[in-house]
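Q: Take a look at the following structure, please.
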Amino acid sequence: QKIFSVLTTVPIALLIVFGNDFFLLWIPGVYSDVLPKLSLILLLPLLIHGNMWSIYSVNVVLNKVKIPSLILLFSGGTALSLSLLLSSSIKENIFIIPIITTSISLLYYFLFIPSYTAKCMDIKLFVLYNNLLKTIGMISIYIVLAIYAKSLVIIGSWGDFFFWSTIFGTLGVVAHLGVILNKNERIKIYSICKYFIKRLTNHGRKNVQK
């Protein structure tokens, strides 16, 4: 769950920070100002899914899928109805349908599923939100600092883009793991990294001696 959280949260944060540069390099001049916003809107539910993914499987294990399935069906119908209604009255606004879909999805996955799961398991709701709240707090601070740091560099090519996104992404992964991992998990990760660094160092020394 924690690894999956990192694999979804950090890329979304990088999209927020580097989205404009990515689309300007990929398709310059072709909706390059709109695509980052659309991508962010559509990826927001993934931020929730990635940090609460294991919770969604609990209802399957407990065989409590009837009510969530009915609510999901109702949510889909609501999203479709609102999309048809608003898109016909507010023309030429490509953000309407993504915003509606994302909003309904967030309400379902962020509010209903955790509440229903907590009720079925007879546990406090905060227990399920703990890691998510930590991640949202961490990633918000990271995005603010990353946007400021990025303003100090110039990205004019794919080489610049991959170089800086790799650096920022690595820092994001380290910061995220530092927040969501407990003490024992951090020690274990540190030991694994230390072991591989030692192996690489010894391998390099052997090659030099040869």
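Any read-out appearing in this document is the output of simple, stated calculations on the displayed coordinates, not a laboratory observation. Bear in mind that the values here come from a model prediction, so they are computed numbers and not experimental data. So basically every Cβ, Gly included, is an ideal-geometry build from the backbone, and we count neighbours across all protein chains shown.
Q: On C-alpha positions alone, give me the angle between the axis of helix 2-26 and the longest principal axis of the chain, in degrees, nearest 10.
A: Between the helix axis and the principal axis of the chain, the angle is about 90 degrees.
Q: Show that you can apply the helix-only estimate: for the chain, add -39,500 (n - 2.57) for every DSSP H stretch of four or more residues, divide by all residues, and state [θ] at 222 nm to the nearest 500. It would help to have the intermediate numbers written out before the result.
A: Working: 8 runs with 172 residues, N = 210.
Per the formula, -28500 deg cm²/dmol.
Q: What's the ranking of 136-145, 62-71 by average number of surrounding C-beta atoms within 10 Å, highest first?
A: 136-145, 62-71
Q: Can you tell me the relative contact order of segment 48-130? Whole percent, Cα pairs under 8 Å, sequence separation 6 or more. Present the calculation step by step, with values, prior to reporting the outcome.
A: Working: 38 pairs, mean separation 32.2, N = 83.
Answer for segment 48-130 is 39 percent.
Q: Using the Karplus equation 6.51 cos²θ - 1.76 cosθ + 1.60 (θ = phi - 60°), what ³J(HN,Hα) coupling, rounded to whole Hz, does each residue of segment 186-192 give in order, writing x for Gly and Pro?
A: 5, 5, 5, 4, 4, 5, 5
Q: Still on this structure, I have one more. Specify whether the C-alpha gyration tensor of segment 1-102 places it in the rounded, prolate or oblate class, a ≥ b ≥ c being the square roots of the eigenvalues: rounded for a/c under 1.5, otherwise prolate if a/b is larger than b/c and oblate if not.
A: Working: a/c = 4.75, a/b = 1.25, b/c = 3.79.
Judged from the Cα gyration tensor, segment 1-102 comes out oblate (a/c at least 1.5, b/c at or above a/b).
Q: Separate question: Taking Cα Rg over 2.2 N^0.38 Å as the quantity of interest, determine which of (i) 1.27; (ii) 1.02; (iii) 1.20 was computed from the displayed structure.
A: (i)
Q: May I pose another question? For residue 193 and residue 153, calculate 0.36 nm times their separation in residues minus their Cα-Cα distance, and state this gained length in nm to one decimal.
A: Numbers: separation 40, 0.36 × 40 = 14.40 nm, distance 2.97 nm.
Value of the extension gain: 11.4 nm.
Q: A 25 angstrom limit on the alpha carbon distance is what I want to check against. Which of 2/183; 2/188; 2/119 exceed it? Working shown, then result.
A: Values: 2/183 14 Å; 2/188 14 Å; 2/119 23 Å.
Listed pairs above 25 Å: none.
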